[in-house]
Amino acid sequence: MNDPKEALYYIDGVDVPETPPARDLDQEPWGETTVVGKPLPRVDGYERVSGTAVYPADMSLPRMLYGAILRCPHPNAVVRSVDTSAAAAMSGVHVVMSGFTPSSRALQAHRQLIESNLFNPHCRHEGETVAAVAADNPYRAQDALRAITVEYDVLPFVADERRALEPDAPQVREGGNQVSDTQQYQRGDIEQGFVEADVVLEEDYRCECEIHTPMELHGCVAQWDGDSLTLWESTQGVYNVQAQAAAALGVPLSKVRVVNRYMGGGFGSKLAAGKYTVIAALLAKEAARPVKLVLTREETLLAVGNRPPSNMHLKVGVKRDGTLTAIQFTGTGTGGSQQAGGTSLLDWIVRDLYVCPNVRTETTDIYINAGPARPFRAPGHPQCSWALEQMMDALAQAIDMDPVELRLRNIPTVSQGRNNIPYTTTGLRACLEEGARSFEWQQTKDAITTESDSHIRRGIGVASGLWVAGGGGPPSTAIVKIYADGSVNLNMGASDIGTGTKTVMAMVVAEELAIAPGDVQIEWADTGSTQYATGSGGSKTVPTESPAVRAAAIDVKAQLLELAAGEMEVDASLLSLADGKVVAGGDSPKEVEISALRSLRRRGSVTGIGYRGPNPSGKAVNPFVAQFCEVEVNTRTGEVNILRFLGAHDSGRVLNLLTYRNQVFGGITMGIGYGMTEQRVLDVDQTGKMANKNWHDYKLPTALDVPADMTCLPIDLNDTEANTTGAKGIGEPATIPTAPAVANAIYNATGVRVTGTPIDPTKLVSALAAARGED
Amino acid sequence: MIPEFNYVRAQSLTEAQQQLSTDGARVCAGGSDLLGCLRDEVFDCSKVVSVTGLDELRGITRSRDGGVNIGALTTIAELAANSTVQELYPGLAQAAAEVASPQLRNQGTIGGNICQKPRCWYYRGEFECLRKGGDTCYAMAGENQYHCILGGYRCYIVHPSDTAPALLALNASVQIAGPRGERVVPIEDFHVAPRDDVQRETVLEDNEIVVAISIPQPASGLRSSYRKVRARGSWDFALAGVALALAFDADRVTGGRVVLSGAAPIPWRSREVENTIIGQRIDATLAREAADAAMSEAAALKNNGYKIPLFKGVIEEQLLAIASA
Amino acid sequence: MAHDRRDHDEKAADTSGISRRGFISRVGAGAAVVAVASKASAESAKPTETMQATELSRITLTVNGQQRQVLVEPRWTLSHVLREELGLTGTKVGCERGECGACTVLIDGKPRYSCMTLAVEAQDADIVTVEGLMDGEDLGPTQEAFVEKDAFQCGYCTSGQILAVEGMLGDNPNPSLDEIRIGVSGNLCRCGAYVHIFQAAQRAAELKQGVGGES
């Protein structure tokens, strides 16, 4: 089978896009580094704390108008008519468009973006686009939306995937509510595996729908200059947006320039253009003025992506010695009313994380009348981890084995889900062993069991994981330029979505050219002026871009040293760079300031190009993780206080310890939200509408929901096979096992297992009361 | 984006009342609840009458009877940090500290806090619910995990305030200015249950304004506390809360009040708990008995059955805590 | 610090002595109240302010120490006016509903959500935005601490977090870890940089007191 990650992050119809082969220059793995790996503050920290960083929503252009979108309030309805006349007559309102106005129909279909029309005549989820306006200010734009009258035929809906396959369920699409055939995977003999087991456990698990809600709202500013469009878009991938917007508008790629300097988080929901992107472009075209279109928080909760809810059943067999003999997994999920990957990668962890010869999985994707899923930080993995890691905990107890030990008995060295090709490195054992040691797992366990029986109970939990991608790969091109005075410019297409990409890349350049990272000026994320890059997602930005950047730096260095060799009359192989100088070693040491090189001054600059080379064939490159936590549970109220967390991560070489740590803590924080506070609530029995489409009722974790005591333990294995910087991704793996680690700790504290997210008092207090025999 | 409204900044209480006497006028004190309601179009508003210039409504003063008088415009943060309140009525200071978030505590006023509109997601959302003049309470058969288990009748909201239960426990009263002069309403009679009027939360007339809240001198041996259980650590309303104001003679409860938040459409005085503990020494058995009694009349909806063990747990915990304080 | 405040409150109680209707004496709710009260008395002769919904009215805002005149509709929030009318886009908008804190500014020294404050209601106040924490082109101590501790990822909540810390430290220069956590609990960070934000707040307290070579 093909690598499953390709379906998520790569391009339709092309296997793996490639860049030209890397130039044949020495790219030995780094040994000791002087800059790479250090905990350095960000090169763009100043901009982000001073208020000077301009995000798309901050843009202001002369004569700019403000766009807004009218959305369907029903989960399933046909738009009969849209009366825009009152809105169009309002002062300060410049454009009003709907599915009944001509401009919106002059669009090419684009499968990923627009299934039919921009303004779909059949709205299959609450929040589907119905009309749009552009006005002098955002208040006026909302006034105009209020003045639009829409006639709907409101249809029956189904908003719960657990009911959508029932025979009398309303049909979301013609052809039934099952998206496609159930996906199956099998290896070994599952029945024989269960026969060989000493203990077999079965359990149902459910994960609620989680919504990305990055702090910055989705949106863009669109401006036409003749037939050329510029979009300042809050996106993870400018080239993705360029391709999709150009396709939808039917214009060449060269006529769409997408720029994204600063952006306020995406988590997968900003990998693609939105309908709002195309709407902004059309409004701007029709108004002949720039348009800023920033969604409301409500719109972002309804219509621009989510992590699908998952219903999972696991049956696992284990021998007394901890050997797993069989795993059977059944999962259903929903990407909403569109084909949006409702069960993407849902079973991957079951297939690949632990050694087990006999595995069978089945996943079924189901339509419901709700907003579309989009990739969300490790698609499928946190769900599967929630199930498998709680199951591992239960199995450990059933065979009276420590849960860390049970995991250690089943460490894989090959990717079983990919026909047993080896991993370049498997840090899982080190994550578990060193993590347990650093966490003082055994000592804490001993201390807890001897405690008194207060109604406040302590417990510890562990969970491990891996991420299917995280190795990165081609294509990527980077350019490093040395100016006549020796200062340096890096040009790359990748977005820095807050993970510190720019800082890490500046450090890579600095390492090779022996300068300070802050001295590297960076041009990034602009289809008009920077190199091609895939979207920043999938924990692949650092392992994809850093080898290309390193190659470009090595290339430019080689050219510079050749120039210097001529002038210094020394063989280039004896030259190196230090502190802005070219230094000749050997018997007669010499040095020349780079700015003093005449040939460089004549040329003005030297330009190095780097390409991302291919990944090692026949190998899997994946990051691994084990996380540990300690909790305190109030058994009277079901309140959980998470006391501390430790994340032990094998993500290859650490390129910047400070931003790496930030990723780990951020992943844990998001995982705490997933496990403890967040869920989409649909009014499934009455209206199908989302009940909690705001940030008070959709509860992100706050500063009071996470422990201040978090530890990041990098297992720095320096994966020399993976790529030329040895780095693997960290963003995704950091959030995968967090929620089940907490669930396991709660079980350890109370003896109560909660198999559905989120574990807030509404669930836990009832479970605790039931365990005490109360009703 | 908030729809249009006219704006008047009142220079006197009298003027504010006059301005509020026109249809569709709404008073704005801290404004945090009002602006949220306007943005969500929960109700119409043609005119916002700001009283923020009326500084005579601000501040906490000691009254002659030994209690305190809290101006309606006193912010929640000021209330939480006030040393007199902390000393005399720690339960009220604790309740104030549990309200919303630091920013909203700096903005929201005590007058506004007790007059808050419900936080029911149907009421706040695009649903023509009973309380907004429609004919259905969507919570009855819908997603009612955060709704009431006591006092529901046609409408199943919970009262969102943390300070109101503490004030009710402390036997506070509300000073109200209206066209016919001032009136004083015990806070116990201030909130309106859906059984009495499903579209009102308080007894305030449209042109009346809360000017102050007064709390009597604490009885001898009075201890007070407020405890709130919520789904997340900040910016969240009570899943269950309990305000206690109990007078003790040595270790025996001689009187006082027990008020539940997150339980009912109004701050809910639990006479069942009071009757169980008054005159008694609180021990583990009595605390459990009182907690069970508190829930004897509770009726759960589809998704809020957890509130019954939750209230029992938190009442038991808090009674034992205050008894040993 | 709690002690200092109480002392101050009691002093205010003894000396300010503003009485209302002759039967109560003021015990004070803090310095801010006293300051506001004195400002109000100077304004008591002001005529009634009325603004029509459909008209732009001129108001004066004091932002980062400068008086700014601006035409507004009564419904315009402070965050809208700061960003779209005054170009102070360091103040971000995440929810427009008082739920995320990205729009936090200081109003008379207190952190408030500018998306839940009408611009017209902010007229008599001192407003400080993240731009106002700069000393020319130099970062203020809280901003520096945020860079040093990497207390952000995407940076979109950061201005609000910084102002929440700034406001907290104004009240309480030596906050405990628990006080810091409460102090920033009105500011969401979806990237999850809270732990680094706690560290930055501690570092900012140090920097403001001259530890680490800063004043």
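Going by a ≥ b ≥ c, the root eigenvalues of the Cα gyration tensor, does chain A fall in the rounded group (a/c under 1.5), the prolate group (a/b larger than b/c) or the oblate group?
oblate
Label-point separation (nm) for residue C:68 and residue C:54, each offset 7 Å from Cα along Cα-to-Cβ?
The modelled label-to-label distance comes out at 2.9 nm.
What whole-number distance in Å separates the alpha-carbon centres of segment A:706-775 and segment C:148-163?
Here the answer is 25 Å between Cα centres.
Taking Cβ-Cβ under 4.7 Å as the only way to count a partner, pick out the unpartnered cysteines of chain A.
A:207, A:209, A:220, A:356, A:384, A:431, A:629, A:712 - these cysteines have no disulfide-compatible partner (Cβ-Cβ under 4.7 Å) in chain A.
Cα centroid distance between segment C:64-78 and segment A:248-271, in Å?
Segment C:64-78 and segment A:248-271 have Cα centres spaced 33 Å from each other.
Let me confirm one metric for peptide C:192-204, namely the mean number of other chain beta-carbon atoms within 10 Å of its residues' beta-carbons.
Taking all residues of C:192-204 together, the mean is 5.
When ranked by the protection proxy of mean other Cβ atoms within 10 Å per residue, highest first, what sequence do the peptides B:69-76, B:221-228, A:311-318 form?
B:69-76, A:311-318, B:221-228
Using all C-alpha to C-alpha distances in segment C:57-215, build P(r) with 10 Å bins and read off the rounded percent in each one.
The calculated distribution, bin by bin, is 12, 42, 33, 12, 1.
Which order do peptides A:567-578, A:270-281, A:205-216 fall in by mean Cβ count within 10 Å, highest first?
The peptides rank, most packed first, as A:270-281, A:205-216, A:567-578.
Where Lys and Arg each count +1 and Asp and Glu each count -1, what net charge lies around residue A:715 among other residues with Cβ under 9 Å from its Cβ?
-3
Kindly provide the helix-only [θ] at 222 nm of chain B, computed as the sum of -39,500 (n - 2.57) over DSSP H runs of four or more divided by all residues, to the nearest 500 deg cm²/dmol?
For chain B, the value works out to -7500 deg cm²/dmol.
Over segment C:134-208, consider all pairs of different Cα atoms and compute the Kirkwood hydrodynamic radius from their mean reciprocal separation; express it in Å, one decimal.
11.9 Å
Where the convex hull is taken over the Cα atoms of the protein assembly as shown, what is its projected area averaged over directions, in nm²?
49.6 nm²
Summing Lys, Arg as +1 and Asp, Glu as -1, what charge do residues with Cβ under 10 Å from the Cβ of residue B:47 carry, residue B:47 excluded?
With Lys, Arg at +1 and Asp, Glu at -1, the net is 0.
Count charges around residue C:58 for me, please; just the other residues with Cβ under 13 Å from its Cβ, Lys/Arg as +1, Asp/Glu as -1.
-3
So what's segment C:78-169 giving for Cα Rg divided by 2.2 N^0.38 Å, two decimals?
Ratio of Rg to 2.2 N^0.38 Å for segment C:78-169: 1.01.
Taking amide hydrogens as modeled 1.01 Å from N in the peptide plane, which residues meet the under 5 Å criterion relative to residue A:515, leaving out close sequence neighbours?
none
To the nearest whole number, what is the average tally of beta carbon atoms from other chains within 10 Å of the beta carbons of peptide A:33-44?
Shielding by partners across A:33-44 averages 1.
Just want to confirm a number: the relative contact order over chain B, from Cα pairs under 8 angstrom separated by 6+ residues, in percent.
With pairs under 8 Å counted, the relative contact order is 17 percent.
Pairs A:540/C:92; A:693/B:132; A:689/B:132: which exceed 21 Å Cα-Cα?
In this structure, A:540/C:92 exceed 21 Å between Cα atoms.
Per q in 0.23 Å⁻¹, report the Debye log10 I(q)/I(0) for segment B:248-325, using one uniform scatterer on each alpha carbon and no solvent.
Debye intensities relative to I(0), on a log10 scale: -1.05.
According to the Cα gyration tensor, what semi-axes, each the square root of 5 times an eigenvalue, does the equivalent ellipsoid of segment B:193-297 have, listed from largest to smallest in whole Å?
Its equivalent ellipsoid spans semi-axes of 27, 19, 15 Å.
From the alpha carbon gyration tensor of segment C:59-132, can you work out the equivalent ellipsoid semi-axes (sqrt of 5 times each eigenvalue) and give them in Å, largest to smallest?
16, 13, 11
Where the centre of each part is set by its Cα atoms, how far does segment A:228-247 sit from segment A:298-342, in angstrom?
31 Å
Report, as an integer, the average count of C-beta atoms from other chains found within 10 Å of each Cβ along A:667-680.
2
Treat each spin label as a single point 7 Å out from the Cα along the C-beta direction, and report the residue A:602 to residue B:288 distance in nm.
Calculated label separation equals 9.6 nm.
Expressed as an acute angle from 0 to 90° and rounded to the nearest 10, what is the orientation of the C-alpha long axis of helix B:284-294 relative to the principal long axis of chain B?
40 degrees
Taken together, the values in this text are just the output of simple stated rules run on the coordinates, not laboratory data. These numbers were taken from a predicted model, which means no experiment stands behind them. All Cβ positions, even for glycine, are placed from backbone atoms using ideal geometry, and neighbour counts span all protein chains on display.
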